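The values are calculated or read from the model by the stated rules, or taken from the named source; none is laboratory data. Given the structure is predicted, the values throughout are model-derived calculations rather than measurements. Cβ coordinates were reconstructed from backbone atoms using ideal geometry, including for glycine residues, and neighbour counts include every protein chain displayed.
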Amino acid sequence: MKKLILSLALMVSSFTAIGADMSHGANNFYKSDKVTEQKVTFKNQYQMTVAGNLYLPKNTNQNTKSPAIIVGHPMGAVKEQSSNLYAQKLAEQGFVTLSLDLSFWGESEGQPRNAVSPDIYAEDFSAAVDFLGTRAFVDRNRIGVIGICGSGSFVISAAKIDPRMKAIATVSMYDMGSANRNALNHSQTLAQRKQIIAAAAEQRYVEFTGGAMQYTGGTVLELTADTHPIQREFYDFYRTPRGEFTPAGASAQTTTRPTLTSNIKFMNFYPFNDIDTISPRPMLFITGAEAHSREFSEAAYGLAGQPKELVKIPGAGHVDLYDRVELIPFEKLTRFFRENLQ
């Protein structure tokens, strides 16, 4: 009987892994033997506890001040998805790095869970600067930020009003405001937008009177013959062993899925307004040449002041740059931060 159970378990494990495309060095759960990891927490200005992983190169002299980089995770994800990989790879190059969970997600505080608050997300990045800038081994004048996917728009929002962020990079950026107002390629009509807003407003009555929380968007829980290619792309990362991760106490069914009533706050989010005021601090926009999200990096690049650079990775889609180490331009990121955090 035990052998039968073990055999079935192995079959299930093998079947689960079939959907995971591990090509091009996909390595989301990378663990470096060249850095040390420490779990840390700190408060943002709203006195909410933000959780993160602090990475130091093993040869770090804590009596000297090193440059540091903050890494933000994709929208609806957690630091264990993409952020830790980036943070470790850059720590291997001599930077102190910090991957954080945005408020309402992962190990950070915030109720209800999976809530959307672009202002608080941006504040979390500034709070991360507060934390790093008060470490004895960090040079507070040499702190940079990386935003992956939705965090790309949050770090831009933060950097516009926080000049302590000396160099700003985004990877596979989503403008979460435009994505919700207009959808990809401006395919959503104003009437459709208003319908979404009306549904969220009505749902507030349900939840105010004790009804069940409703979630929106996010990654599908199963594939069908009709599943859209973009959803398949996200599914392969978030719903397979390639990148699936559920924080303690969270529900796997709500991972990447924000609450409906809060998600409409993105409709009022315009991160690219006044992006040129970040200049002369440098900005680097990295996107896959085949990414469905490429329009957002191109739009931000067009509006940003100098110095700026747009890098398109040949053959790469949106999610490819979450974890495929053979496609992610870590050398480019290293040069960018070394040159601009001198």
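R204 satisfies every condition listed in (1) under 27 Å from S251 (Cβ atoms); (2) in a strand (DSSP E or B); (3) basic (K, R) except (2).
In this structure, is Q306 at pLDDT 95 or above, among the polar types (S, T, N, Q), assigned to a loop (DSSP other than H, G, I, E, B) and out of contact with any Leu (no Cβ under 8 Å at 6 or more places or on another chain)? Yes.
Scanning the stretch 253-265 for residues that are within 23 Å of K79 (Cα to Cα) and surrounded by 13 or more Cβ atoms within 10 Å (Cβ to Cβ) returns T254, T255, T256, R257, P258, T259, L260, S262, N263, K265. Look at (1) of a type in the set (V, I, T); (2) in contact with a Leu (Cβ under 9 Å, 6 or more places away or on another chain); (3) over 21 Å from H73 (Cβ atoms) and you find that I328 fails only one, number (3).
Just the residues that are surrounded by 19 or more Cβ atoms within 10 Å (Cβ to Cβ), touching a residue at least 40 places away in the same chain (Cβ under 8 Å) and assigned to a loop (DSSP other than H, G, I, E, B), please, taken from the stretch 309-326. Selection gives G317, H318, V319.
Condition (residue is surrounded by fewer than 16 Cβ atoms within 10 Å (Cβ to Cβ), in contact (Cβ under 8 Å) with a residue 24 or more places away in the chain and among the acidic types (D, E)) applied to the stretch 292-308: is it met by at least one residue? There is no residue in the stretch 292-308 that is surrounded by fewer than 16 Cβ atoms within 10 Å (Cβ to Cβ), in contact (Cβ under 8 Å) with a residue 24 or more places away in the chain and among the acidic types (D, E).
If you check R257 against the conditions, is it assigned to a loop (DSSP other than H, G, I, E, B), in contact with a helix residue (DSSP H, G or I) (Cβ under 8 Å, 6 or more places away or on another chain) and charged (D, E, K, R)?
no
Only one of the numbered conditions (1) free of Cβ contacts under 8 Å to residues at least 24 places away in the same chain; (2) over 21 Å from F330 (Cα atoms) is violated by K65, and that is (1). List pairs: first residue in the stretch 227-254 and without any contact (Cβ under 8 Å) to a residue 12 or more places away in the chain, second residue buried (at least 16 other Cβ atoms within 10 Å of the Cβ) and part of a helix (DSSP H, G or I) anywhere in the structure, Cβ distance under 9 angstrom, at least six positions apart or on different chains. Final answer for the pair search is T227/Y235; E244/F237; E244/Y238.
Residues in the stretch 108-141 that are out of contact with any helix residue (DSSP H, G or I) (no Cβ under 9 Å at 6 or more places or on another chain) and not aliphatic (A, V, I, L, M): E109, Q111, D130, F131, G133, T134, R135, F137. None of N185, N263 is at positive phi and part of a helix (DSSP H, G or I) except N185.
Would you check which residues across the stretch 266-280 are touching a residue at least 12 places away in the same chain (Cβ under 8 Å) and surrounded by fewer than 19 Cβ atoms within 10 Å (Cβ to Cβ) and list them? If the condition is that a residue be touching a residue at least 12 places away in the same chain (Cβ under 8 Å) and surrounded by fewer than 19 Cβ atoms within 10 Å (Cβ to Cβ), then M267, N268, Y270, D274, D276, T277, S279, P280 are the ones that fit. Each residue in the stretch 269-298 was checked for being assigned to a helix (DSSP H, G or I), farther than 13 Å from A169 by Cα, of a type outside the set (D, E, K, R) and within 19 Å of the chain's Cα centre (by Cα), and 1 of them qualify.
Take the residues in the stretch 176-200 that are touching a residue at least 12 places away in the same chain (Cβ under 8 Å) and closer than 22 Å to Y121 by Cα, then tell me which one is surrounded by the most Cβ atoms within 10 Å (Cβ to Cβ). Of everything passing the filter in the stretch 176-200, M176 is surrounded by the most Cβ atoms within 10 Å (Cβ to Cβ).
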